[in-house]
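These notes concern the structure reproduced below.
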Amino acid sequence: MNEQDRLPLRVKVCYGIGHLGNMLLLLLNAVFLLYFYTDVIGISARAAAIIILIARLWDAFNDPIMGALVDKKEHKGGKCRYFLKLFAVPAGICVALSYFVPDLRGSVKIIWVAVTYILQGMAQTAVSVPLFTMMARLSSNQVERAKLGQFQSIASILANLMVPAVTLPMATAIGGENLQLGFSAVAVIYGIAFAACFLICWAGTAGYEKEPEVQEENAPKVTLREIGRALCHNKVALLVALCYLMYCVYSTLMGSSLLYYLTYNLKNTDLMSVYSVLSTVTGFAPILLMVVLVKKLGNANTTVLACAVVVVGQLARFLSHDTVVACLYFGWCMEGVGVALFASMVRQCMMDAMVYGEWKTGVSNQAVLMSILTFGQKLGQAVGGIGAAALLDFFGYVPDAETQTETVMNVFFIENVTLPMIIFAISIALMLVIGRYEKRLPAMQKDLAARKASAAN
């Protein structure tokens, strides 16, 4: 390995801390945003769904635009680090504002909620796109990138342990019966932590983000239109983005329906803590083995392995219909292993897509490609969340009933067992296609190096 590609431990830790900040906000929104809107400040579920949908539609334009801006920006300290420093504090303020609602009424309150939520999403994009892009710019070595992915995954696991466990108790402790006050105060804490994490990432990676290559004075500038066209011709990136979109739909849909499933299908809500422990603890194992797996299998095949593990676990649950406790626990363990590995590897695959895209089109658009992942994440969460609510309504779910119809319970089973099995099986097929291109990466990199050397002469 080239010594210039090796990264010291502090750089990896600080990069992971940046991802911790991003996950704090993602989980805060995923677990508590809808509850805050409907049960705390009293807007209708329909209004909340429309707000979320509008915000995601805006992200379809906002995220790629941010990616293009990062790609075109030149800064001696690193183009990604420049945006982290610029937007960390404003983004933290937007986090706090999105959970602060003045004493407003009717449509004025809804407008306030919509504006602050959209601003929060834009601010998150402004720091998350540069953060994800930075991994590709810190090192070009596949193994070092996998190590960065390990710290990224550890940050995700820590956030998953903290946010669901401490947020509501903190809000209750601070606000008492006034949960709106409690959530506003907690959001200030999260906003400060969010900004601090990105500033630590900015400071800790100083000197390690590779600067853009110097272009000849008369070399043509790459336009935003050319960047967009290059994205459309990057089939590897589009396949990776599709896999990630399906994963985000699965995680949100299953997360939204899990409590219902435990309540009505398994009739034991205490299993929520069992699921949390099993899926979190087992998620550590593949993260520790990730570098070894990447060396042996490569990025795409490691992702195939992750998907296969989930499919095997869900298949055991499907065949037993979760009537066998051992199959239920086995499925949850396999899900924890596979999902943790998949979530880590999908960004590694997108970085391979960067090489393919530059080789294919001659355009380097790293940040645009990473912005497609952030958009896929937000779109998947929106589709999963809205889909979960729509399915409840369509199939006649009765709130607070002792039992539900067999049709409703079948929906819960499909959301928690059948759908994940199908989604990860499709992902296996897509990743096998991506793997064919990954085998050609060394030749592509060699060809790119020859082109750049020829252009320099």
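Coordinate-derived values only; no laboratory data. Nothing here was measured: the structure is a model prediction, and the numbers come from that model. Positions of Cβ are generated from backbone atoms using ideal geometry, with glycine treated the same way; all protein chains shown enter the neighbour counts.
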Rounded to the nearest Å, what's the spacing between the alpha carbon centres of region 132-178 and region 1-55? Just the number, please.
8
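Which value, in Å to one decimal place, does the Kirkwood hydrodynamic radius take for region 224-440 when every pair of different Cα atoms is included? Show your work: numbers first, answer last.
On the way: mean 1/r = 0.0547 Å⁻¹.
About 18.3 Å, per the Kirkwood formula over Cα pairs.
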His321-Ile426 pseudo-label distance in nm [points 7 Å out on the Cα-to-Cβ vector]:
2.6
Given 10 °C, 1.306 mPa s and a Kirkwood radius over Cα pairs, the Stokes-Einstein diffusion coefficient of the chain in µm²/s is 69
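Test of understanding: what is the full-extension gain from Val398 to Val166, defined as 0.36 nm times their sequence separation minus their Cα-Cα distance?
Numbers: separation 232, 0.36 × 232 = 83.52 nm, distance 2.96 nm.
Between Val398 and Val166, full extension yields an extra 80.6 nm.
Mind sorting Met66, Met345, Met246 by how few other Cβ atoms lie within 10 Å of their own Cβ, fewest first?
The most exposed by this proxy come first: Met246, Met66, Met345.
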Cα principal axis extents for region 1-209, largest first, Å:
60, 35, 23
Would you order Asp322, Asp400, Asp71, Asp447 from fewest to most other beta-carbon atoms within 10 Å of each residue's own beta-carbon?
Asp400, Asp447, Asp322, Asp71
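Can you tell me the FRET efficiency between His75 and Val13 if r is taken as the Cβ-Cβ distance and R0 is 25 Å, rounded to the nearest 0.05? List each step's numbers first, then the result.
Values: r = 23 Å, r/R0 = 0.94.
That pair, His75 with Val13, gives E of 0.60.
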Of the residues Gly387, Ser279, Val236, the Cα lying farthest along the dipole of region 224-440 towards its positive end, which is defined by charges on the beta carbon of Lys, Arg, Asp and Glu, belongs to Val236
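Tally Lys/Arg at +1 and Asp/Glu at -1 over every other residue whose Cβ is under 13 Å from the Cβ of Thr263; what's the total? Don't skip to the answer; put the middle values down first.
Details: positive: Lys267; negative: Asp270, Asp400, Glu402.
Residues close to Thr263 contribute a combined charge of -2.
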Length-normalised contact order of the chain, Cα under 8 Å, at least 6 apart, in percent, tallies to 25
Using the number of other C-beta atoms within 10 angstrom as an exposure proxy, rank Ser427, Ser156, Ser454 with the fewest first.
Ser454, Ser156, Ser427
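Kindly flag which residue pairs out of Lys12/Lys378; Lys147/Lys439; Lys85/Lys109; Lys147/Lys267; Lys85/Lys296; Lys296/Lys360 have an alpha-carbon separation exceeding 30 Å in this structure. Present the calculation step by step, with values, prior to reporting the outcome.
On the way: Lys12/Lys378 26 Å; Lys147/Lys439 21 Å; Lys85/Lys109 32 Å; Lys147/Lys267 41 Å; Lys85/Lys296 37 Å; Lys296/Lys360 26 Å.
Those over the limit are Lys85/Lys109; Lys147/Lys267; Lys85/Lys296.
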Between Thr280 and Ala203, Cβ-based FRET efficiency (R0 25 Å, step 0.05) works out to 0.25
